[in-house]
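*Asks:* Let me begin by handing over the structure; questions about it come next.
The values are calculated or read from the model by the stated rules, or taken from the named source; none is laboratory data. Not measured: the values here are computed from a predicted model. Because the Cβ atoms are built from the backbone with ideal geometry, glycine has one as well, and the counts that use them run over all protein chains shown. The protein model used for the area step is the full one, side chains on, heavy atoms only, and it has no ligands, DNA or RNA in it. Shrake-Rupley method; radii C 1.70, N 1.55, O 1.52, S 1.80 Å.
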Amino acid sequence: MSRSDKFCFMPGDLVRLSPEKEAEVNRRTGYVPWSDAKQKWVSDEKIRRYKAGEDFNGADIAAEYDRLHNAGSI
């Protein structure tokens, strides 16, 4: 693969952002990361549905979490 291929990464190309840089990028882009609790619940629910052979959509599961959380069920 060539470095000119814009969809390829070479070893060492990806680096972890510092917490400060990540916060700055989030502020600039308007991205709001999920809480740890939401991330865990959505992840666990995806795994449960996958193992049960159910169809699922991550965005729908996240919306379900928000609905249940707002209702005080979670």
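*Asks:* Convex hull volume of the Cα atoms in the chain, per residue, in Å³? Please list the in-between numbers first.
*Replies:* Working: hull volume 12.9 nm³, N = 74.
Per residue, the Cα convex hull of the chain comes to 175 Å³.
*Asks:* Rounded to the nearest 20 debye, what is the charge dipole size of region 14-54 about its Cα centre when +1 sits on each Lys and Arg Cβ and -1 on each Asp and Glu Cβ? Mind dumping the intermediate values first?
*Replies:* Numbers: 10 positive and 7 negative charges, 24 e Å.
Dipole about the Cα centre, nearest 20: 120 debye.
*Asks:* Under the rule of at least 5 residues apart or a separate chain, name every residue whose amide H is placed under 5 Å from the amide H of Ile74.
*Replies:* Hits under the 5 Å cutoff: His69.
*Asks:* Give me the distance in nm between label points sitting 7 Å out from Cα along the Cα-to-Cβ direction at Asp66 and Tyr31, one decimal.
*Replies:* So the two model labels end up 1.8 nm from each other.
*Asks:* Here's something else I'd like to know. If Lys40, Lys46, Lys51, Lys21 are ordered by their accessible area, calculated over protein heavy atoms with a 1.4 Å probe, which sequence runs from highest to lowest? All intermediate terms of the calculation are to be shown ahead of the outcome.
*Replies:* Details: Lys40 120, Lys46 75, Lys51 165, Lys21 95 Å².
Per-residue accessible area, sorted high to low, gives Lys51, Lys40, Lys21, Lys46.
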